[in-house]
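Notes to accompany the following structure.
Any read-out appearing in this document is the output of simple, stated calculations on the displayed coordinates, not a laboratory observation. Model, not experiment: these values are computed from the prediction. Because the Cβ atoms are built from the backbone with ideal geometry, glycine has one as well, and the counts that use them run over all protein chains shown.
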Amino acid sequence: MKPKLDPFTTMMDLRTGALDPERDLAPRRVRDMTGYFLHGDDADLDQLVYEVSAMPVEPSNSELQSSTTVIQPGRVGDEYHMTKGHFHIVRDRSEIYVGLRGEGRLVMATEDGQHWIEPMLPGAINYVPGGWAHRSVNVGDDELVFLAVYVGDAGQDYRTIEERGFPVRVVVGDDGQPEVVDNPRYRR
Ligand code: M6P
Ligand code: ZN
């Protein structure tokens with residue numbers, strides 16, 4: 001076969017996730033996440049929640065997509081900063097996360113309402129099998145930084161999460177520690 005791409009290398013700062021050369025950077029602020037946080041009504045709309053920088057590769061099943069995500073520490077209401085979270089449009093496509101910095105929770109859920117939580121920390125390689133929606137939550141005081149690699153044609157289905165939410169939320173408990181509680185707005 002004739003290759004479609006030339007090989008290339010991107011340098012990643014292992015502490016900050018910054019890429020060199022810089023790649024497309026997508027910031028997500030509270031204003032971009034309406035409806036995602038249960039108590040988001042009086043939050044500062046300019047508050048930066050996370051940024052994603054993705055490698056420039058076409059979204060086909062013969063390639064691997066990859067990106068780094070940096071989630072700022074902080075909360076909206078009682079809920080820790082988190083990504084929107086998504087199913088893959090092609091549901092059986094899988095993904096790997098490599099934790100680089102900070103402390104997080106990877107919340108996963110199936111369409112029939114099961115949920116599963118794995119720790120995110122430097123050195124952790126989290127495997128997200130096909131069929132599991134995934135959302136990362138920063139429960140620490142530092143930035144949460146991780147590298148994600150996934151099948152190129154996976155695509156992100158945000159709508160299902162916007163309509164139904166995740167079965168659980170990660171909130172700060174009375175003792176100041178992260179706690180997983182049911183999401184009253186979850187719809188199966
Ligand atoms: C990881 C990957 C990306 C995703 C990003 C932010 O880097 O899963 O595919 O875009 O996290 O998550 P989300 O797309 O749910 O906002
Ligand atoms: Zn994904």
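For region 102-136, give me the residue count where each residue is assigned to a loop (DSSP other than H, G, I, E, B) and out of contact with any Ser or Thr (no Cβ under 9 Å at 6 or more places or on another chain). Even if it seems obvious, please write down each step before you answer.
Going residue by residue through region 102-136, those that are assigned to a loop (DSSP other than H, G, I, E, B) are 102-103, 110-114, 121-124, 129-132.
The next check asks that each one be out of contact with any Ser or Thr (no Cβ under 9 Å at 6 or more places or on another chain); those that pass are 102-103, 110, 112-114, 121-124.
Qualifying residue count, region 102-136: 10.
Please find, within region 143-152, the residue that is nearest to ligand 2 (Cβ to nearest atom) out of those that are in a strand (DSSP E or B) and surrounded by fewer than 23 Cβ atoms within 10 Å (Cβ to Cβ). Checking each candidate, the answer is TYR150.
What's the number of the only condition in (1) farther than 23 Å from SER67 by Cα; (2) within 14 Å of ligand 1 (Cβ to nearest atom); (3) of a type in the set (Ser, Thr, Tyr) that SER94 fails to meet? Of (1) farther than 23 Å from SER67 by Cα; (2) within 14 Å of ligand 1 (Cβ to nearest atom); (3) of a type in the set (Ser, Thr, Tyr), only one is false for SER94: (1). Being closer than 22 Å to ARG91 by Cα, surrounded by 15 or more Cβ atoms within 10 Å (Cβ to Cβ) and away from ligand 2 (no atom under 16 Å from the Cβ) holds for only one residue in GLY113, GLY155, GLY140, GLY165, and it is GLY165.
Quick test for you: out of PRO119, PRO56, pick the one residue that is more than 11 Å from ligand 2 (Cβ to nearest atom), more than 27 Å from ARG187 (Cβ to Cβ) and over 14 Å from the mean Cα position of the chain (by Cα). I'd like the intermediate steps shown before the answer.
Numbers: PRO119 fails: over 14 Å from the mean Cα position of the chain (by Cα).
Just a single option satisfies the conditions, and that option is PRO56.
Scan region 80-91 for residues that are out of contact with any helix residue (DSSP H, G or I) (no Cβ under 8 Å at 6 or more places or on another chain) and farther than 17 Å from GLY102 by Cα and the total you get is 4.
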